[in-house]
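So the structure is just underneath, and the comments pick up after that.
The values are calculated or read from the model by the stated rules, or taken from the named source; none is laboratory data. None of the values given here were measured: they were computed from a predicted structure. Because the Cβ atoms are built from the backbone with ideal geometry, glycine has one as well, and the counts that use them run over all protein chains shown. Remember, those area values only see protein heavy atoms, side chains included, never the ligands or the DNA or RNA. Shrake-Rupley method; radii C 1.70, N 1.55, O 1.52, S 1.80 Å.
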Amino acid sequence: MAVDCGVFVDWSQMGDVSRDTAPGKIDYKDLKELKQHARSGQWAKNHSQRSAVYQQLLKALPCRTVTPDAAVYRDIVGNSNSKRNPSAYPLPEFVDGTAVPCYCLKAESVGSVHAVLSCIAGQFPDISHCPSLPAVTALLLHWSADEAQCFESVSRMLACNEPGCRLLDQTFLAYQSACMTFGDLVHKYCPAAHKLMVATATDVLEVYSDWQRWVLGDLPFSFAARVMDVYLVEGYKVLYRVALAILKFYRKQRTAAGLALTKQDSAAVRSDIQAFVQNIGKSVTPDKLLEKAFSIRLFSRKEITLLQLANEKSLQQKGITVKQKRQNVQLAVNADNFSSEIVSAKEIRDIWSWIPERFALCQPQLLFTTSTHGCSLNRFYSHCEGYEPTLMLIRTTDGEVCGAFLSTDWEEWKRGGNKLSFFGTGECFLFRMKPEMERYEWVVIKHPELTGANDNGAPQSLEKPATDPSHLSPFLSARHFNLNSRNTSMFMAGNVDSIIIGGGEGNALYIDSELNHGRTERCLTFDNPPLCAESFQIALLEVWGFKDAMAS
């Protein structure tokens, strides 16, 4: 390139990355080839090539008509590649105290990052929360000829206006809902890691709230640069993939080390993960990290967007707005307000950690218990209808405890008259508490091929949702998928004689009209073992609803 795009770089830290050789391929017409080169690290060895590719990618972003460019920066700040004093350019409040990562930059280049961020704050007054921006800016400075070009690159990422193609969260509402969405994805795709988090951290969401910082901030430069390659090509979903891969590797290392599963303050778990990420090069290569990230069979970007929207809506219902500053969002059960005759406060916290994040915002509310309301299915319906979702807990006369999270209002049973007809969504799950806690999810989550999925793990065709898409999540009701077998969508059913949860060659739970006798078998919907003795007597049954989560 005619200009030096490495003026801010401390080349003594850059290993075998070339700054002098002629760059390789820069212009890509074939998207498949572009993705392949991004994922395989084609640009990792040549600084000039990576810079040229990035400029092409950033210029191709669809942006708002009026997007600040390099000329705006030069008019406001001037343009200097000499040492700037960081204290002259305080970091904007919207970075929430996040420091600028060094990323193999010269010591004096940190001041340039401060200057770019300061100008961004003036040109984008609507940004209220964006803690990832210092890391993104520091990375892009690597491949910029000057501060003004870096400013223009960051501006284009912020101003990208293609629907469903945002690159950076810019409000606390978007950031917090992304944290909740990450928690939902961990539930589904990293169950072993999630189980470890539940066992060790007092507040799992507090740990997951760091997920973006793991990827943009804590990863060493050689890893972060490879992530940036695919991030600029494939978008925001890449960040989720890499963070999930990090959590999988963290769990593997911790298990291999044989560390005891003892509860710790969440801050200690966060620090432990941060230390692992910062030193990830001791155990994992960038190639291995990306290989793991892209081996996770996520649902489509469209469906993740729907889940993000659903989480945003739940936060708005709790009073979280776009403009407000950061505030604590409580997703843990308040033990002072929880009293069950079946499970302890600790056990309900563990169960709560499995519940979709948008519902876990709400506190549990006892709707029905046989000890107070009697053993009547009619009374069960009258107390539980109108609430969505619900949590059912069962204790048998033998002292066994099991239950189910049920995503849909029980009132739906009336649509079938007295004929048993199944309803519900793939967010339903079963669990048992003893001898050890175990959750059984919809079988399609672990076997997406049952939806007639393509190679990317997304349904081949999604019917147009019958309801407002902001109410939906990736784990939709059966009608949204091309299911190979109806048996895999038998979530919940009821009539005047019984209620059933899970179907197909057996029922996961069958409970009679007097809420007295039950049966449990393996079923195709959840691929579960019997949850307790196959034929059991109910000693106590409770149903819990979700305050502020009544169906709208």
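All but one of (1) under 24 Å from H194 (Cβ atoms); (2) modelled with pLDDT of 85 or more hold for D409; which doesn't?
The failed condition is (1).
I'd like to verify a number: residues in region 97-156 that are over 14 Å from A225 (Cα atoms) and part of a helix (DSSP H, G or I), how many?
So the count comes out to 27.
Among the residues of region 186-219, how many are touching a Phe, Trp or Tyr at 6+ places or on another chain (Cβ under 6 Å) and surrounded by fewer than 23 Cβ atoms within 10 Å (Cβ to Cβ)? I'd like the intermediate steps shown before the answer.
At the first step, the residues of region 186-219 found to be touching a Phe, Trp or Tyr at 6+ places or on another chain (Cβ under 6 Å) are 208, 211.
Next cut, surrounded by fewer than 23 Cβ atoms within 10 Å (Cβ to Cβ) only: none.
Of the residues in region 186-219, 0 are touching a Phe, Trp or Tyr at 6+ places or on another chain (Cβ under 6 Å) and surrounded by fewer than 23 Cβ atoms within 10 Å (Cβ to Cβ).
Check region 14-30 and report whether any residue there is modelled with pLDDT of 85 or more and in contact with a strand residue (DSSP E or B) (Cβ under 8 Å, 6 or more places away or on another chain).
Checked against the condition, which is being modelled with pLDDT of 85 or more and in contact with a strand residue (DSSP E or B) (Cβ under 8 Å, 6 or more places away or on another chain), region 14-30 yields no hits at all.
Filtering region 499-542 down to residues that are on the phi > 0 side of the Ramachandran plot and touching a residue at least 24 places away in the same chain (Cβ under 8 Å), which residue is surrounded by the fewest Cβ atoms within 10 Å (Cβ to Cβ)? First the steps, then the outcome.
Within region 499-542, the subset on the phi > 0 side of the Ramachandran plot is 502, 504-506, 515, 527.
With the extra rule that they be touching a residue at least 24 places away in the same chain (Cβ under 8 Å), the set shrinks to 502, 515, 527.
Working: G502: 33, L515: 22, D527: 18.
Ranking the candidates gives D527 first.
Can you name every residue in region 383-422 that is open to solvent by less than 20 Å² (accessible area, probe 1.4 Å) and either in a strand (DSSP E or B) or not assigned by the TED database to the domain that holds P364 (or both)?
T390, L391, M392, L393, I394, T396, V401, C402, G403, A404, F405, L406
Condition test on Y89, is it touching a helix residue (DSSP H, G or I) at 6+ places or on another chain (Cβ under 6 Å), in contact (Cβ under 8 Å) with a residue 12 or more places away in the chain, within 25 Å of D16 (Cβ to Cβ) and not basic (K, R)? Don't jump to the end; show me each part of the working.
Details: touching a helix residue (DSSP H, G or I) at 6+ places or on another chain (Cβ under 6 Å): yes; in contact (Cβ under 8 Å) with a residue 12 or more places away in the chain: yes; within 25 Å of D16 (Cβ to Cβ): no; not basic (K, R): yes.
No; evaluated as a whole, the condition is false for this residue.
With respect to the numbered conditions (1) within 25 Å of P286 (Cβ to Cβ); (2) surrounded by 22 or more Cβ atoms within 10 Å (Cβ to Cβ); (3) of a type outside the set (F, W, Y), which one is the sole condition not fulfilled by L158?
Among (1) within 25 Å of P286 (Cβ to Cβ); (2) surrounded by 22 or more Cβ atoms within 10 Å (Cβ to Cβ); (3) of a type outside the set (F, W, Y), L158 violates only (1).
Where the second residue is basic (K, R) and not in a helix (DSSP H, G or I) and the first is over 17 Å from D287 (Cβ atoms) and in contact (Cβ under 8 Å) with a residue 40 or more places away in the chain and lies in region 209-237, which pairs have Cβ atoms under 9 Å and are six or more apart or on separate chains?
G235/R166; Y236/R166
So, P163, is that one in the same structural domain as A267 (by the TED database) and either open to solvent by 10 Å² or more (accessible area, probe 1.4 Å) or of a type in the set (S, T, Y) (or both) or not?
Taking the combined requirement at face value, the residue does not satisfy it.
Working carefully through the options D203, D210, find the one that is acidic (D, E) and touching a Leu at 6+ places or on another chain (Cβ under 9 Å). Step through it out loud before you land on a result.
On the way: D210 fails: touching a Leu at 6+ places or on another chain (Cβ under 9 Å).
Within the list D203, D210, the selection yields D203.
Could you check how many residues of region 125-147 are touching a Cys at 6+ places or on another chain (Cβ under 9 Å) and not β-branched (V, I, T)?
Adding up the residues that qualify gives 8.
Which numbered condition trips up K252, out of (1) out of contact with any Asp or Glu (no Cβ under 8 Å at 6 or more places or on another chain); (2) under 30 Å from Y28 (Cβ atoms)?
For K252, the exception is condition (2).
Can you find a residue that is at pLDDT 95 or above, open to solvent by less than 40 Å² (accessible area, probe 1.4 Å) and not aliphatic (A, V, I, L, M) anywhere in region 348-358?
To start, the set of residues in region 348-358 that are at pLDDT 95 or above comprises none.
Checked region 348-358: no residue is at pLDDT 95 or above, open to solvent by less than 40 Å² (accessible area, probe 1.4 Å) and not aliphatic (A, V, I, L, M).
Among the residues of region 170-185, write down those that are open to solvent by 10 Å² or more (accessible area, probe 1.4 Å) and over 13 Å from the mean Cα position of the chain (by Cα).
Q170, T171
Cβ-Cβ below 6 Å, separation at least six or inter-chain, first residue in region 148-169 and closer than 12 Å to F124 by Cβ, second open to solvent by 50 Å² or more (accessible area, probe 1.4 Å): which pairs?
From residues that are closer than 12 Å to F124 by Cβ, the pairs are A159/R64.
Quick one: is E400 of a type in the set (D, E) and within 18 Å of F546 (Cβ to Cβ)?
Numbers: of a type in the set (D, E): yes; within 18 Å of F546 (Cβ to Cβ): no.
The answer is no for E400.
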